[in-house]
Structure formats: structure tokens, C-alpha cells
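Participant: Here you go, one structure.
The values are calculated or read from the model by the stated rules, or taken from the named source; none is laboratory data. The structure displayed is predicted, hence computed values, not measured ones. Note: ideal-geometry Cβ built from the backbone for every residue, glycine included; neighbour counts use all protein chains shown.
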Amino acid sequence: MKTRQSFLVLPVCIFLFSLAGKAITKEGVDPAVMLKGQENDRISFNQLRQDSLLEVRSIDQSQSVWSITSFRFVIEPKRGDPYVVINQGPVFSDKLRTIIDRADHGDRIYFEDVVLVNLQSDTVRVHLMLKVR
């Protein structure tokens, strides 16, 4: 039974990781979240400490403007247990800043369950994963 469950979990995990940083809405808009200093799926140690907010980018600029209402931040250090912080809005809270200041080279950071809302009150959830270099 455990083998069968493993076969079901693996495709689901692969699918969820393929959605990292993307969300497709019913209108076909593809808003994504990013940090100013990120390069692909990486961000420098210094740039991570300088950034103070999560930004929304939309491929189609003619579509609605999206704003971030909340997100869950997870940092997975190379050694030790992950830290989780719930943040309201796009600006990093003091608690989140404290955890980001502990980041080190090779740590993975996740912006999960990022809730985006547009002027028409459409809501989407997106994700972003980065590695600190």
C-alpha cells in the first residue's frame, strides 16, 4: 500500500514544483511574483538582505493590476529546521526581516500561497522558490 501511495505523491509533487512562480487564471493571465534582485531561480546573499518587498509581474501589461494581500515565507537552511512566517501585504514584516537576515549561502527560500487580488476582485494564488547564492 505504501508503494502505491509513493507513486501517487511523486507526480503531484512534480506538478506543484512545475507551477512555482506561476499561476494561470481563467482569463489566461499569468501573474508572477519576484524579488527585485533575483536572477532566474537564484538571488544573491546581499540582494536578499536589501529587498524589502515582494513584487508582482504580469506578462500581459494590458491586463489587470494585481496586488499582494498575503503570503507564507519559508526558509529552508542547509542545516537545521525550516522557519515559517505569515506576512500580510507585499512589504516584509519585522519578523520576516529578522529571519531573512539569518539566511546563508545555499539556503532555499519559498514564497508560498501568495494571494493576489486585482481591481475586479479576482483572486489567484502563486508561488516562488529561490536559492540563495
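Participant: With the structure loaded, tell me whether GLN38 is surrounded by 13 or more Cβ atoms within 10 Å (Cβ to Cβ) and in contact (Cβ under 8 Å) with a residue 60 or more places away in the chain or whether it fails that test.
Facilitator: yes
Participant: Considering only residues that are more than 10 Å from ILE75 (Cα to Cα), touching a residue at least 12 places away in the same chain (Cβ under 8 Å) and among the small types (Gly, Ala, Ser), which ones fall in segment 93-117?
Facilitator: GLY106
Participant: Output yes when any residue across segment 86-107 is under 18 Å from MET34 (Cα atoms), exposed (fewer than 14 other Cβ atoms within 10 Å of the Cβ) and either of a type in the set (Ser, Thr, Tyr) or touching a Ser or Thr at 6+ places or on another chain (Cβ under 6 Å) (or both), and no when none is.
Facilitator: For segment 86-107, residues under 18 Å from MET34 (Cα atoms), exposed (fewer than 14 other Cβ atoms within 10 Å of the Cβ) and either of a type in the set (Ser, Thr, Tyr) or touching a Ser or Thr at 6+ places or on another chain (Cβ under 6 Å) (or both): present.
Participant: Report, by residue number, each residue of segment 41-55 that is among the hydrophobic types (A, V, I, L, M, F, W, C) and outside any strand (DSSP E or B).
Facilitator: Residues satisfying the conditions are PHE45, LEU48, LEU54.
Participant: Can you tell which of SER70, SER58, SER64 is surrounded by 11 or more Cβ atoms within 10 Å (Cβ to Cβ) and at pLDDT 85 or above? Steps first, answer last, please.
Facilitator: Values: SER58 fails: at pLDDT 85 or above; SER64 fails: at pLDDT 85 or above.
Checking each option against the conditions leaves just SER70.
Participant: For ASP113, only one of the following conditions fails: (1) under 19 Å from PRO31 (Cβ atoms); (2) acidic (Asp, Glu); (3) modelled with pLDDT of 90 or more; (4) assigned to a loop (DSSP other than H, G, I, E, B). What is its number?
Facilitator: All conditions are met except number (4).
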